[in-house]
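The block underneath contains the structure these notes are about, expressed in structure tokens.
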Amino acid sequence: MTDTQQTTQPTTRPATQQSEAERALLAKVPTGLLVDGTWSQAADGATFPVVDPATGETLLEIADATPEDGVRALDAADAARSAWATTPPRQRAEVLRRAFDLLQERREDFALLMTLEMGKPLAEARGEVTYGGEFLRWFSEEAVRIGGSYGTNPEGSGRAIVTHKPVGPAYLITPWNFPLAMATRKIAPALAAGCTVVVKPAELTPLTTLLFADLLLEAGVPAGVVNVVPTTHAGPLSEPLIADPRLRKLSFTGSTPVGRTLLAQAAQNVLRTSMELGGNAPFLVFADADLDLAVEGALAAKFRNTGQACTAANRFLVHEDVAEEFARRVTARVEAMSVGRGTEDGVAIGPLIDDRAVAKAHRLVTDAVERGAVVRTGGHPVEGPGTFYAPTVLTDVQPGSDLLRDEIFGPVLAIRSFRTEGEAIAAANDTEYGLVGYAFTEDPARGQRLMERLETGMLGLNTGVVSNASAPFGGVKQSGLGREGGGEGIAEYLETMYTLTPDPFRSTEGAAR
Ligand code: NAP
């Protein structure tokens, strides 16, 4: 035990066995690549294991796509492009709606599969089925509302007709932390707009995407419209696709460093891009906040997905008058959190995704403690099968601590105090990221000042959850480009074109007719 460790959270956990229901579910998951409506093996026959992070056991071996398989998938997306683009919007909408209905019928399967491959507690996985499913319903509704406009130019000498067309084949790269929602947030608007897609799920959690792709086929998605290529060669598979002139759109969710690399590659073909990148969310608690609400918001914003969310609150900035009371209440709640495999009853904290994530969380905690932070609970890895870290609360976090700069991506709630609103806003904005912020205050004018001064794409004002399919999710600064969800979400997959015509009344002959 190091001097950063506390005993309020258990340091070991027992092994668990795979159940009959889990084995039955895994038997339903396709293990191939989906190209042109057909499941196939990788070109070289290679496979890779997908592991349960709570046990370290292999769940399934699946096909490991080669760069040639990636090109085959783009061939299929390109071949299906024109037929899907000209499929009536109502028909595209109904396919998405059927997919939504099928997902509701199979919500328990999808929830359990996410818990198995990613580790999140089952209750949260069910929440992700609801959230992820809403993109199918929302974009089924948006598909039939792709409008245009008709207008007279200011000189009166012509008319402009503005139309929107699908941008073309899109390459969608998703991260491991929300295996269903990050896929539906891209696939649904792309299909609604009339684009065909190649999807590359994360190597660590591809099973949910494979099962979802099977559901899409059943919902009536034609061959070639959705192609899925899980791989352990993300870079070599992606590069030729991004360089291929047939590809017209790249949508990526993941870390900022990988996003930068992909943007540089996309520049070659001046590809349309959407980038949902990393975050470093500030969570501000003012002296006039409703502390009960702030504590609930803090737990949701920090511990959802075991802290592994781009929207996870990373830096808690609490007014000095309420900092101790806030820390006391939060610590009491965190001490009561149960750590375990997400399938177990009452578990609030699942495993982190792998050993590297545990090592990173512990390195950040150790650095903060060495600089003067106080561990109120947790502060250590949990031994046993799987990759667990004890839910942790730190107070007195000092400026310069690494966890104020880096995404923690783990269950570590780190508190600093502040004196004035100006100081809090300056600290909140002191990061290269700008995805989301959270603020708790009962003063409406202060709330508005924060809306105007916080450099983030989203703000949770007196709430710890901001995600909603009807809202334009996305960040500013190095948290990304573009928006997913809302009306903006479908626009990411549409090109705008205008046609200019002369004034139809310009000749008396024309006017008389
Ligand atoms: P990551 O390492 O950047 O990976 C994301 C995806 O990119 C994975 O599918 C990965 O494949 C792939 N990838 C990695 N290197 C690549 C390359 N050279 N070319 C093409 N693809 C490549 O991120 P992660 O660890 O999976 O996810 C966590 C990060 O995502 C965090 O920073 C989090 O904040 C961010 N995130 C952002 C949002 C948002 O909406 N803003 C939402 C969720 C997560 P492999 O799996 O094979 O490596």
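The values are calculated or read from the model by the stated rules, or taken from the named source; none is laboratory data. Worth saying up front: this structure is predicted, and the values here are computed from it rather than measured. No Cβ is skipped: glycine too gets one built from the backbone with ideal geometry, and neighbour counts run over all protein chains shown. We work out accessible area using only protein heavy atoms, side chains counted, and drop any ligands, DNA or RNA first. Shrake-Rupley method; radii C 1.70, N 1.55, O 1.52, S 1.80 Å.
Is segment 341-352 home to any residue that is more than 16 Å from the ligand (Cβ to nearest atom), open to solvent by less than 10 Å² (accessible area, probe 1.4 Å), more than 23 Å from residue 113 (Cα to Cα) and in contact with a Phe, Trp or Tyr (Cβ under 7 Å, 6 or more places away or on another chain)? No, segment 341-352 contains no residue that is more than 16 Å from the ligand (Cβ to nearest atom), open to solvent by less than 10 Å² (accessible area, probe 1.4 Å), more than 23 Å from residue 113 (Cα to Cα) and in contact with a Phe, Trp or Tyr (Cβ under 7 Å, 6 or more places away or on another chain).
Hey, can you tell me all the residues within segment 244-259 that are open to solvent by 30 Å² or more (accessible area, probe 1.4 Å) and either in a helix (DSSP H, G or I) or near the ligand (Cβ under 6 Å from one of its atoms) (or both)? Passing the criteria: 255, 257, 258. Restricting segment 116-129 to residues that are touching a Lys or Arg at 6+ places or on another chain (Cβ under 8 Å) and of a type outside the set (A, V, I, L, M) leaves a set whose member that is nearest to residue 54 (Cα to Cα) is 119.
Mind listing just one residue for me: the one in segment 399-415 that is touching a Leu at 6+ places or on another chain (Cβ under 9 Å) and surrounded by fewer than 22 Cβ atoms within 10 Å (Cβ to Cβ) and, of those, nearest to residue 363 (Cα to Cα)?
This residue is 402.
The one condition from (1) touching a Gly at 6+ places or on another chain (Cβ under 8 Å); (2) touching a residue at least 60 places away in the same chain (Cβ under 8 Å); (3) surrounded by fewer than 23 Cβ atoms within 10 Å (Cβ to Cβ); (4) of a type outside the set (A, V, I, L, M, F, W, C) that residue 119 does not meet is (3).
Considering segment 205-235, and only residues there that are more than 16 Å from the ligand (Cβ to nearest atom) and assigned to a helix (DSSP H, G or I), the residue that is nearest to the chain's Cα centre (by Cα) turns out to be 211. Figure legend. Inter-residue proximity from segment 156-184: first residues among the hydroxyl-bearing types (Ser, Thr, Tyr), second residues open to solvent by 20 Å² or more (accessible area, probe 1.4 Å) and more than 9 Å from the ligand (Cβ to nearest atom), beta-carbon distance below 6 Å, spacing 6+ or different chains. Indicated pairs: 157/503; 163/148; 163/497.
Taking residue 202 as the residue in question, decide whether it is open to solvent by less than 20 Å² (accessible area, probe 1.4 Å), within 16 Å of the ligand (Cβ to nearest atom), not assigned by TED's automatic domain parsing to the domain that holds residue 301 and not in a helix (DSSP H, G or I).
yes
Here residue 100 meets the list (1) touching a strand residue (DSSP E or B) at 6+ places or on another chain (Cβ under 9 Å); (2) at negative phi; (3) surrounded by 14 or more Cβ atoms within 10 Å (Cβ to Cβ) almost entirely, failing just condition (1).
So, in segment 460-476, of the ones that are within 12 Å of the ligand (Cβ to nearest atom) and of a type outside the set (Gly, Ala, Ser), which residue ends up surrounded by the fewest Cβ atoms within 10 Å (Cβ to Cβ)?
As a first pass, look at segment 460-476 and keep what is within 12 Å of the ligand (Cβ to nearest atom): 466-467, 472-476.
The next check asks that each one be of a type outside the set (Gly, Ala, Ser); those that pass are 466, 472-473, 476.
Values: 466: 20, 472: 17, 473: 25, 476: 15.
Looking at residues that are within 12 Å of the ligand (Cβ to nearest atom) and of a type outside the set (Gly, Ala, Ser), I get 476.
Checking the structure you have, find out if any residue of segment 366-381 is touching a helix residue (DSSP H, G or I) at 6+ places or on another chain (Cβ under 7 Å) and within 16 Å of the ligand (Cβ to nearest atom). No, segment 366-381 contains no residue that is touching a helix residue (DSSP H, G or I) at 6+ places or on another chain (Cβ under 7 Å) and within 16 Å of the ligand (Cβ to nearest atom).
Identification of strands (runs of 3 or more DSSP E) wholly contained in segment 398-508 with 1 or more residues that are touching a residue at least 24 places away in the same chain (Cβ under 8 Å) and more than 30 Å from residue 163 (Cβ to Cβ) yields 412-418, 436-440, 458-461. Applying a threshold of 7 Å to beta carbon distances and a minimum spacing of six or more residues, or different chains, the list of pairs starting in segment 347-362 at a residue that is farther than 18 Å from residue 406 by Cβ and ending at one that is open to solvent by less than 30 Å² (accessible area, probe 1.4 Å) and in a helix (DSSP H, G or I) reads 348/303; 349/303; 349/306; 350/306. Scanning segment 128-176 for residues that are more than 16 Å from the ligand (Cβ to nearest atom) and among the acidic types (Asp, Glu) yields a total of 3.
No other residue among 175, 154 is open to solvent by less than 30 Å² (accessible area, probe 1.4 Å) and assigned to a loop (DSSP other than H, G, I, E, B) apart from 175.
Among the candidates 293, 284, which residue alone is in a strand (DSSP E or B) and touching a residue at least 24 places away in the same chain (Cβ under 8 Å)? Step through it out loud before you land on a result.
Details: 293 fails: in a strand (DSSP E or B).
That would be 284, the only listed residue that is in a strand (DSSP E or B) and touching a residue at least 24 places away in the same chain (Cβ under 8 Å).
For segment 366-417, filtering for residues that are under 24 Å from residue 55 (Cα atoms) and aliphatic (A, V, I, L, M) leaves 4. Inspect all residues belonging to segment 356-378 and state whether any of them is under 20 Å from residue 439 (Cα atoms), of a type in the set (Lys, Arg) and open to solvent by 10 Å² or more (accessible area, probe 1.4 Å). Looking for residues that are under 20 Å from residue 439 (Cα atoms), of a type in the set (Lys, Arg) and open to solvent by 10 Å² or more (accessible area, probe 1.4 Å), one finds none in segment 356-378, hence no.
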